[in-house]
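Some notes on the structure that comes next.
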Amino acid sequence: MPIPGNLLTTAMAVMPHTDPDRAIEIALSLDIPFWPQLPKFDYTEDMYVQASEHFPGIVLNKAEKTLRFSIETFLTEFEETLAQFDNPSYFDISPEYSVVYHRFLAMDHSKRKAIRGQLEGPISFGFNIQDQDGRPILFDDTVRPFLFEFMAKRVNVQLQRLKALNPNAFMFIDEPGLQFLFSAMSGYSDRAAREDMAGFLDRIERPRGIHLCGNPDWDFLLSLDMDILSLDVYTNGEVFRSYARSIQKFLDRGGVLVWGIVPTNEEPFSKESLDTLEERLIGIWDVLDRKGIDRRWLLSRSLLSPATCCLVNSDGERTVEQAFSMIRSLSSRLKRHCGVEDSEGAPFDSTGA
């Protein structure tokens, strides 16, 4: 099983740190580490900017921290991009766009149960990046098909880099825009979205998964052919647990759920404790158990993480680092409480040794 479960810990990649070494140290404190994305350290460490590298038509202004799209530039650069389609390095993230990624790649991760990477997904990228008329490029029938193909190649290249370091590597496709996908305001039909997302995932090597912090159409999302789903259950748990049938089908297909339970924003974090978060999460699992989802099976397919990323706290990195510490403590407590064991049948070592 490439993606472990059993309440191991991981986290979202966007962090408020301005020191790459400190950010990587915090990421490595979890069971399944990742390379951090640090937009406060440098604009090129922003997830949208990193995804935009070599995409034809992109107009990046690092000084003003703007990322736009020009259809004229797209048409001019398109042929050059096609000529590079068999060149893996063209679709990787270069050191110019992330020193953090390349520091992570230079480390030894062979003894980890797994490692993880991420890339901004095509839906969110297409919603966020606007053309010269202020229109999201996701609505452009000329650009959109190429967008999905381009981003799939980027995901695959990064996954291969990570698998060279650890055979159990997997990818998150960050898709915050999925919560707006089926709204009347999106300007993008649900039929087109379903076809595009299905085709996008078909192009991506396994293990493949989606992370989002919002509240999308859970039936749609859980029906996608992916291996792992990461969500903010702290905020959306009451809604998510009502989709027991879809959750069961996802697990039966071999899916893994990442339960984002520890808030990273100052105010909600200050109101919570290990006791309240444990009670909240077990309450969701109790509901699913009563609806027929076996508890031990569910936990064997479960990871734990902080609920969201957060860049806006007045205390900078402090609350986020405390949330990382709390998710480690919560993992240890829940393993003991639920009798979770590792794949060899021995209790987990909560020290991470």
* Structure fact -> For the chain, the per residue accessible area (1.4 Å probe, Å²) is 42
* Share of segment 20-338's accessible area from carbon and sulfur, percent, 1.4 Å? -> 47
* Structure-based [θ]222 nm, the chain - -39500 (n - 2.57) summed over DSSP H runs of at least 4, per residue, nearest 500 -> -12500 deg cm²/dmol
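Identify the trypsin sites (Lys or Arg not before Pro) of segment 94-197 meeting these criteria: DSSP loop state and at most 12 other C-beta atoms within 10 Å of the C-beta. Please report the intermediate quantities before stating the final value.
Details: sites: Arg103, Lys111, Arg112, Lys113, Arg116, Lys153, Arg154, Arg161, Lys163, Arg191, Arg194; in loops: Lys111, Arg112, Lys113.
When the trypsin sites (Lys or Arg not before Pro) of segment 94-197 are filtered for loop state and at most 12 Cβ neighbours within 10 Å, Lys111 remain.
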* **³J(HN,Hα) computed for each position of segment 147-158 - Karplus, 6.51 cos²θ - 1.76 cosθ + 1.60, integer Hz, glycine/proline x** => 4, 5, 5, 4, 5, 4, 5, 5, 4, 5, 5, 5
* **Theoretical gain in end-to-end length, Lys271 to Arg296 [0.36 nm per residue, Cα-Cα removed]** => 6.1 nm
* **Computed label-point distance, nm, for sites Phe78 and Arg245 using a 7 Å Cα→Cβ extension** => 4.3
* Structure fact -> With 0.36 nm assigned to each residue of separation and the Cα-Cα distance removed, Leu60 to Arg333 gains 93.7 nm
* **Estimated vicinal HN-Hα couplings, Hz - segment 293-300 in sequence order (Karplus 6.51, -1.76, 1.60; Gly, Pro = x)** => 8, 4, 4, 5, 5, 4, 5, 5
* To do: Output the pairs from Lys111/Lys153; Lys111/Lys163; Lys62/Lys153; Lys40/Lys62; Lys153/Lys249; Lys113/Lys249 with a Cα-Cα distance over 19 Å in this structure; if there are none, say none.
  => Lys111/Lys153; Lys62/Lys153; Lys153/Lys249; Lys113/Lys249
* Asked: What is the magnitude of the charge dipole of segment 20-338 about its Cα centre, with +1 placed on the Cβ of each Lys and Arg, -1 on the Cβ of each Asp and Glu, and no other charges, expressed in debye to the nearest 20?
  -> 1500
* Asked: Non-local amide H neighbours of Ala169 (under 5 Å, H modeled in plane, Pro and chain starts lacking H): which ones?
  -> Ile115
* Asp225's amide H: which non-local residues (gap 5+, or another chain) put their own amide H closer than 5 Å, with H modeled 1.01 Å from N in plane and none for Pro or chain starts? -> none
* Structure fact -> In segment 20-338 the DSSP beta bridges are antiparallel at a rate, in percent to nearest 5, of 20
* Asked: Whole-Hz Karplus ³J(HN,Hα) for segment 43-49, in order, using 6.51 cos²θ - 1.76 cosθ + 1.60 and θ = phi - 60°, x for Gly and Pro?
  -> 4, 5, 7, 5, 5, 6, 5
* Asked: If the chain between Ser325 and Arg203 were fully stretched, how many nm would it gain, using 0.36 nm times the residue separation less the Cα-Cα distance?
  -> 40.3 nm
* Asked: Long-range amide H contacts for Leu30: which residues qualify at under 5 Å (H placed 1.01 Å from N, peptide plane, sequence gap of 5 or more or a different chain)?
  -> none
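The values are calculated or read from the model by the stated rules, or taken from the named source; none is laboratory data. Computed from a predicted model, the values in this text were never measured in an experiment. Because the Cβ atoms are built from the backbone with ideal geometry, glycine has one as well, and the counts that use them run over all protein chains shown. In case anyone asks, the SASA skips ligands and DNA or RNA and just uses the protein heavy atoms, side chains included. Shrake-Rupley method; radii C 1.70, N 1.55, O 1.52, S 1.80 Å.
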